[in-house]
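The values are calculated or read from the model by the stated rules, or taken from the named source; none is laboratory data. Everything quoted here is computed from the prediction, not taken from an experiment. Cβ: placed from backbone, ideal geometry, glycine included. Neighbour counts: every protein chain shown.
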Amino acid sequence: MTPPTIVWFRADLRMSDHAALDDAARRGPVVPLYVLESEGTGTRFPGAASRWWLAGSLEALGRSLAAAGSPLVLRRGEALAVLRAVIAETGARRVVWLRRYDPEGMETDRAVKAALRAEGIEVESFAGNLLCEGLTLKGREGKPIKVFSPFWRAAMAVVRADRPLPAPARLSPPATPPATDDPAAWALRPTTPDWADGMREAWTPGEGAAQDRLLAFLDRRVGGYKAERDLPGTEATSRLSPHLRWGEISPRQILYATRSAAESEPGIATAAEKFLSEVGWREFSWHLLIHNPTLPTAPMNPRFAQFPWADDPAGLRTWTRGRTGYPVVDAGMRELWRTGWMHNRVRMIAASFLVKDLLVPWQTGEAWFWDTLVDADPANNPASWQWVAGCGADAAPYFRIFNPVLQGEKFDPAGTYVRRWNPELSRLPDRWIHRPWEAPAGDLAAAGVRPGETYPRRVVDHSVARDRALAAFQSLKGEARP
């Protein structure tokens with residue numbers, strides 16, 4: 001009998017458009033394997049919200065693989081040790097996977113590949129998690145591209161919207177099925193307390209849900225995406241980010257489906273390309289991480305290593321709890337805490353408030369998002385925080401500091417989003433919904449708002465905080481003045 005092939009799943013928890021699974025299925029028996037790599041031995045360990053998503057995603061993938069004929073094997077530990085054990089148990093002579101691009105993951109994969117090959121095991125890795133593997137894209141001088149627009153032009157020049165691979169219709173199981181861990185023992189889901197009610201209401205992890213969400217977006221919302229994507233009170237975005245983060249859908253599937261939809265309905269072509277450019281930001285973030293392994297912890301601009309950050313645990317606490325007194329910031333942080341997700345425009349506003357109004361280090365915010373976002377991506381999360389802080393690639397100038405009041409009034413003019421997540425302000429007139437501290441006493445009383453009691457007072461005056469931030473940024477040696 002043909003020895004089985006181990007398909008090592010990581011952040012690619014799908015059966016369709018999976019080159020490694022497709023290759024294995026064509027050769028003979030398949031052992032699908034997911035390894036929960038121990039902290040410190042592999043890729044960055046997922047935060048609490050991501051672990052909740054991972055549990056659901058593994059369940060969905062497990063059902064699909066079992067229905068196809070070969071159940072998913074779950075193991076926890078150091079990757080090479082687990083692979084050796086499963087090889088010994090099944091007689092496998094080949095291991096395949098989709099490449100990953102975080103520094104720790106790449107280092108682990110290189111070591112695993114070298115060790116197994118030295119032991120006579122065939123090992124092969126495949127592309128599939130990015131449209132364009134960032135190591136292949138270079139600028140005019142042969143250096144990594146540091147600005148999004150030229151990066152995306154270069155990527156689109158080489159990326160083709162090929163038809164994605166279908167899921168294998170049938171998988172042959174190994175003659176000797178290996179033992180699998182009890183997923184409950186991994187404790188990926190919260191229990192005491194169980195804080196995931198809001199996430200269960202908002203999300204369904206898994207490949208099937210990802211495909212449904214993409215098709216619904218292309219059918220009903222993509223035409224308005226360009227005009228409405230920055231409006232948090234409007235259901236205008238795809239909300240595919242957690243599905244992409246866990247590889248339940250591939251970027252090629254999104255590209256192919258979006259381009260196909262635009263060909264069928266030319267009127268949505270411009271909006272569709274704008275949507276794809278946001279997928280491009282994910283690609284760009286991975287390009288940055290590949291070439292800057294310390295992206296999650298160290299500023300790309302070395303001058304920022306000397307930035308005079310504030311020690312403000314009380315301010316940080318108001319931010320994490322959604323009690324800064326700035327309605328749009330608080331709405332975003334409460335949405336995050338409840339659902340594990342936040343609208344992208346509000347992410348920028350909330351991040352800017354933490355870094356520039358409170359002068360809390362961007363790494364602190366990045367760590368909070370890593371723990372609370374279901375789509376906390378190893379590349380996109382730190383790249384976005386560095387962008388907001390002004391110390392990363394393609395960064396906004398340091399003196400561009402988001403005004404949370406003006407941002408709220410521009411992108412949530414009727415207060416739809418703020419009222420949803422700050423119900424204590426729901427009866428406040430539109431004029432005051434983003435600046436309740438300016439509302440007349442009569443309007444506050446009529447709305448049932450008691451400053452400092454039903455809704456917090458501002459933790460800081462933005463105009464004062466802005467001046468403080470500018471002074472801090474200008475203190476950096478060699479930093480240009482506005």
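Do you know which residues across the stretch 256-275 are touching a Pro at 6+ places or on another chain (Cβ under 9 Å) and of a type in the set (A, V, I, L, M)?
Within the stretch 256-275, Ala257 is the sole residue that qualifies.
Which one of Leu83, Leu36, Leu74 is of a type in the set (A, V, I, L, M, F, W, C), out of contact with any Ser or Thr (no Cβ under 9 Å at 6 or more places or on another chain) and either modelled with pLDDT under 95 or surrounded by fewer than 22 Cβ atoms within 10 Å (Cβ to Cβ) (or both)?
Exactly one of Leu83, Leu36, Leu74 is of a type in the set (A, V, I, L, M, F, W, C), out of contact with any Ser or Thr (no Cβ under 9 Å at 6 or more places or on another chain) and either modelled with pLDDT under 95 or surrounded by fewer than 22 Cβ atoms within 10 Å (Cβ to Cβ) (or both), namely Leu36.
So which residues in the stretch 1-28 are among the β-branched types (Val, Ile, Thr) and either surrounded by fewer than 22 Cβ atoms within 10 Å (Cβ to Cβ) or over 30 Å from the mean Cα position of the chain (by Cα) (or both), if there are any at all?
Residues satisfying the conditions are Thr2, Thr5.
Looking only at the stretch 294-347, how many residues end up being crowded, with 19+ Cβ neighbours inside 10 Å and of a type in the set (Asp, Glu)?
Count: 2.
Assuming Arg44 fulfils every condition listed in (1) surrounded by fewer than 21 Cβ atoms within 10 Å (Cβ to Cβ); (2) modelled with pLDDT of 95 or more apart from one, which condition is it?
That leaves (2) as the condition not met.
Among the residues of the stretch 316-336, which ones are under 19 Å from the mean Cα position of the chain (by Cα) and over 12 Å from Trp421 (Cβ atoms)?
Thr320
With respect to the numbered conditions (1) more than 13 Å from the chain's Cα centre (by Cα); (2) surrounded by 20 or more Cβ atoms within 10 Å (Cβ to Cβ); (3) in contact (Cβ under 8 Å) with a residue 24 or more places away in the chain, which one is the sole condition not fulfilled by His291?
Going through the list (1) more than 13 Å from the chain's Cα centre (by Cα); (2) surrounded by 20 or more Cβ atoms within 10 Å (Cβ to Cβ); (3) in contact (Cβ under 8 Å) with a residue 24 or more places away in the chain, His291 breaks only (2).
On the given criteria, is Gln306 more than 30 Å from Val449 (Cβ to Cβ) and out of contact with any helix residue (DSSP H, G or I) (no Cβ under 9 Å at 6 or more places or on another chain)?
Spelling it out, Gln306 is indeed more than 30 Å from Val449 (Cβ to Cβ) and out of contact with any helix residue (DSSP H, G or I) (no Cβ under 9 Å at 6 or more places or on another chain).
Here's a check for you: in the stretch 228-262, which residue that is of a type in the set (S, T, N, Q) and either assigned to a loop (DSSP other than H, G, I, E, B) or more than 14 Å from Asp17 (Cα to Cα) (or both) is farthest from the chain's Cα centre (by Cα)?
My answer is Ser260.
For Arg110, work out the one condition from (1) in contact with a Ser or Thr (Cβ under 8 Å, 6 or more places away or on another chain); (2) at pLDDT 95 or above; (3) of a type outside the set (A, V, I, L, M, F, W, C); (4) closer than 29 Å to Asp371 by Cβ it doesn't fulfil.
Arg110 satisfies all of (1) in contact with a Ser or Thr (Cβ under 8 Å, 6 or more places away or on another chain); (2) at pLDDT 95 or above; (3) of a type outside the set (A, V, I, L, M, F, W, C); (4) closer than 29 Å to Asp371 by Cβ except (1).
This table checks each residue for (1) touching an Asp or Glu at 6+ places or on another chain (Cβ under 9 Å); (2) buried (at least 21 other Cβ atoms within 10 Å of the Cβ).
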site	(1), (2)
Asp197	no, no
Ala210	yes, yes
Leu231	yes, no
Ser238	yes, yes
Leu244	yes, yes
Glu248	yes, yes
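Where in the stretch 308-400 are there helices (runs of 4 or more DSSP H), lying wholly inside it, with at least 2 residues that are under 24 Å from Gly415 (Cβ atoms)?
313-320, 327-339, 344-352
Would you mention how many residues in the stretch 94-134 are aliphatic (A, V, I, L, M) and in contact with a strand residue (DSSP E or B) (Cβ under 8 Å, 6 or more places away or on another chain)?
Result for the stretch 94-134: 8.
Go through Thr258, Thr237 for me and flag whichever is at pLDDT 95 or above, touching a His at 6+ places or on another chain (Cβ under 8 Å) and among the hydroxyl-bearing types (Ser, Thr, Tyr).
The unique qualifying residue is Thr237.
Restricting the stretch 124-180 to residues that are of a type in the set (Val, Ile, Thr) and assigned to a loop (DSSP other than H, G, I, E, B), which is farthest from Ala111 (Cα to Cα)?
This residue is Val147.
Restricting to the stretch 401-444, name every residue that is of a type in the set (A, V, I, L, M) and not in a helix (DSSP H, G or I).
Once the filter is applied, which keeps residues that are of a type in the set (A, V, I, L, M) and not in a helix (DSSP H, G or I), the stretch 401-444 yields Ile401, Ala414, Leu428, Ile433, Ala439.
If you go through the stretch 15-56, how many residues are among the hydroxyl-bearing types (Ser, Thr, Tyr) and under 22 Å from Leu131 (Cβ atoms)?
2
Please determine, by comparing only the residues of the stretch 408-457 that are touching a strand residue (DSSP E or B) at 6+ places or on another chain (Cβ under 9 Å) and either among the charged types (D, E, K, R) or not assigned by TED's automatic domain parsing to the domain that holds Leu336 (or both), which one is farthest from Leu231 (Cα to Cα).
Per the criteria, the residue is Arg457.
Restricting to the stretch 128-168, what's the tally of residues that are surrounded by fewer than 18 Cβ atoms within 10 Å (Cβ to Cβ), more than 19 Å from Ser277 (Cα to Cα) and either of a type in the set (D, E, K, R) or at pLDDT 95 or above (or both)?
Qualifying residue count, the stretch 128-168: 5.
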